[in-house]
Each structure stands twice: as C-alpha cells, then as structure tokens.
Amino acid sequence: SQQGEEDPQALSIQEGENATMNCSYKTSINNLQWYRQNSGRGLVHLILIRSNEREKHSGRLRVTLDTSKKSSSLLITASRAADTASYFCATEGANAGKSTFGDGTTLTVKP
Amino acid sequence: NAGVTQTPKFQVLKTGQSMTLQCAQDMNHNSMYWYRQDPGMGLRLIYYSASEGTTDKGEVPNGYNVSRLNKREFSLRLESAAPSQTSVYFCASSEQGASGRQDTQYFGPGTRLTVL
C-alpha cells in the first residue's frame with residue numbers, strides 16, 4: 001500500500017489562481033519530496049523537505065510539513081498554464097534509502 | 001551531462017518473451033531504482049540498489065530481476081513477460097546523504113512496455 005496519499009485527486013483552476021495540494025502519510029519519515037510529471041514524461045524533482053523542517057520555498061512553490069499531523073502541502077502561487085501536470089509526493093520512511101510515492105494530484109490550469 | 005538514460009523507449013512483447021531494460025546515470029550516484037507506473041497511478045518501487053554490488057526488493061519485485069553492473073548501470077530483466085507487466089518503467093538515481101538518507105531522485109524518460 002502507498003505511504004503517501006495526495007488530495008485532491010484532481011484540481012482545475014484558472015491561470016493566476018493559487019493551487020494547493022496535500023499529502024498525508026502513515027508512518028514516521030526522514031524526508032518528503034514533491035515531484036511534477038508532465039503528460040507522457042518522466043518525473044521532475046521540485047522540493048525536498050526534511051523531517052526537522054517545517055517550510056521551504058522555491059520560486060512560486062511553497063511546501064509545508066506538519067509531522068504531528070503526518071501531512072504536507074504544496075502551494076503553487078500565481079499558477080500558469082504550463083503548471084498543468086500531475087504532482088506526486090514521495091516519502092522516505094525510517095527504512096532509509098528508498099521512497100514511497102502516492103497516486104498524485106492532477107492539476108489543470110486553464111488559460 | 002545526460003543525467004539518467006533508459007533504453008529502449010518503447011517495446012512490445014508477446015507473453016512469455018524475455019527482455020532487459022537498460023539504465024545508466026552519469027552523476028556518480030550511489031543509489032539507483034526501478035519503478036513501474038500504471039495508468040492514473042503513482043510509482044511503485046520494483047527493486048533498488050543502494051550501492052554498487054547490492055540490490056534489494058521493493059514493493060512489487062515478483063517477475064523481475066535486476067543487475068547492478070557497475071556504479072553507472074542498473075538493468076531490469078523480465079524473464080517471462082506477462083500482460084500484467086504492461087506499464088511504464090522508470091529508472092532513477094540519487095545520492096545518499098548522512099546516515100544513508102535519500103537525496104533528490106533524478107528520473108529517466110521511461111520505457112513504455114506493452115505485453116500482448
């Protein structure tokens with residue numbers, strides 16, 4: 001079974017709006033990573049956040065981690081049509097060295 | 001730098017045929033991974049290799065074998081392909097940080113495999 005589960009499964013917004021997607025997990029983690037996948041392509045790394053961190057930023061991306069709730073959120077501000085993609089969270093559990101992926105959130109940004 | 005490369009990009013097999021998927025990375029990473037992705041789903045780990053000479057099973061290893069040929073190359077073999085193995089296969093590599101913790105994974109473009 002998957003460790004991380006993204007919510008919502010699908011999200012459709014207008015260009016310029018913010019998009020928020022969430023990831024929940026079940027057991028303690030070393031780190032949590034967010035990836036983007038454009039249709040028919042491989043995954044591209046966005047942000048890695050470690051278990052002792054609470055928030056990280058990268059350009060228009062903001063990731064938060066709440067280890068007490070076992071959840072993370074990815075915020076994309078001022079979205080663009082080019083942000084249309086699937087977004088996955090991946091958690092590295094206590095058994096370090098490998099990650100478990102969720103089933104992803106499919107984001108559609110309408111121009 | 002090419003990053004992570006995979007061959008072939010597409011493959012069609014008949015049930016019972018065998019094939020090897022090749023993966024190579026030029027980033028001098030210790031760890032390499034093989035995943036499969038079924039339609040509308042996330043990635044599931046098949047096998048991984050924390051370092052040259054070691055391999056370990058992931059979540060869905062049945063029907064697959066792997067070889068870590070050297071630090072650069074990690075191959076995935078299907079000995080007797082089945083329709084249930086129709087999927088997109090991704091190879092990835094990463095460095096390991098302190099205490100063996102995983103760092104960012106870099107993915108190849110994928111191999112689209114159809115088993116008839």
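Looking across the stretch B:6-23 at every residue that is part of a strand (DSSP E or B) and β-branched (Val, Ile, Thr), the one that is farthest from B:Phe74 (Cα to Cα) is identified as B:Val12. When the stretch A:22-66 is limited to residues that are over 10 Å from the mean Cα position of the chain (by Cα) and touching a residue at least 60 places away in the same chain (Cβ under 8 Å), the one that is farthest from the other protein chains (Cβ to nearest Cβ) turns out to be A:Thr27. Scan the stretch A:1-28 residue by residue and report those that are not hydrophobic (A, V, I, L, M, F, W, C) and not in a loop (DSSP other than H, G, I, E, B). Hits for the stretch A:1-28 are A:Glu5, A:Glu6, A:Asp7, A:Ser12, A:Gln14, A:Thr20, A:Asn22, A:Ser24. Which ones in the stretch B:29-60 are in contact with an Asp or Glu (Cβ under 8 Å, 6 or more places away or on another chain) and either more than 8 Å from chain A (Cβ to nearest Cβ) or part of a strand (DSSP E or B) (or both)? B:His29, B:Asn30, B:Ser31, B:Arg44, B:Leu45, B:Ile46, B:Tyr47, B:Tyr48, B:Ser49, listed by residue number. Can you tell me which residue is nearest to A:Cys89 (Cα to Cα) among those in the stretch B:72-116 that are at the interface with chain A (Cβ under 9 Å from one of its Cβ atoms) and in a helix (DSSP H, G or I)? This residue is B:Gly100. With respect to the stated conditions, A:Thr100 is over 12 Å from the mean Cα position of the chain (by Cα) and closer than 27 Å to B:Ser49 by Cβ. Every condition in (1) closer than 11 Å to A:Tyr87 by Cβ; (2) open to solvent by 20 Å² or more (accessible area, probe 1.4 Å); (3) not aliphatic (A, V, I, L, M) is met by A:Lys26 except one, and the failing one is (1).
Here the strands (runs of 3 or more DSSP E) wholly within the stretch A:29-111 that include at least 1 residues being open to solvent by less than 50 Å² (accessible area, probe 1.4 Å) and of a type in the set (S, T, N, Q) are A:29-37, A:61-66, A:71-76, A:85-93, A:99-101, A:105-110. Out of A:Thr106, A:Thr84, one residue alone is under 21 Å from B:Gly110 (Cα atoms), in contact with a strand residue (DSSP E or B) (Cβ under 7 Å, 6 or more places away or on another chain) and away from chain B (no Cβ under 13 Å). It is A:Thr84. When we screen A:Ser58, A:Ser39 for residues that are more than 15 Å from A:Thr106 (Cβ to Cβ) and among the hydroxyl-bearing types (Ser, Thr, Tyr), the only hit is A:Ser58.
Just one residue in the set B:Leu69, B:Leu113, B:Leu76, B:Leu43 is open to solvent by less than 50 Å² (accessible area, probe 1.4 Å) and modelled with pLDDT under 95; that residue is B:Leu43.
The values are calculated or read from the model by the stated rules, or taken from the named source; none is laboratory data. Treat the numbers as computed from the prediction; the structure is a model and nothing was measured. Cβ sites come from the backbone with ideal geometry, for glycine too, and all protein chains shown count toward neighbours. The protein model used for the area step is the full one, side chains on, heavy atoms only, and it has no ligands, DNA or RNA in it. Shrake-Rupley method; radii C 1.70, N 1.55, O 1.52, S 1.80 Å.
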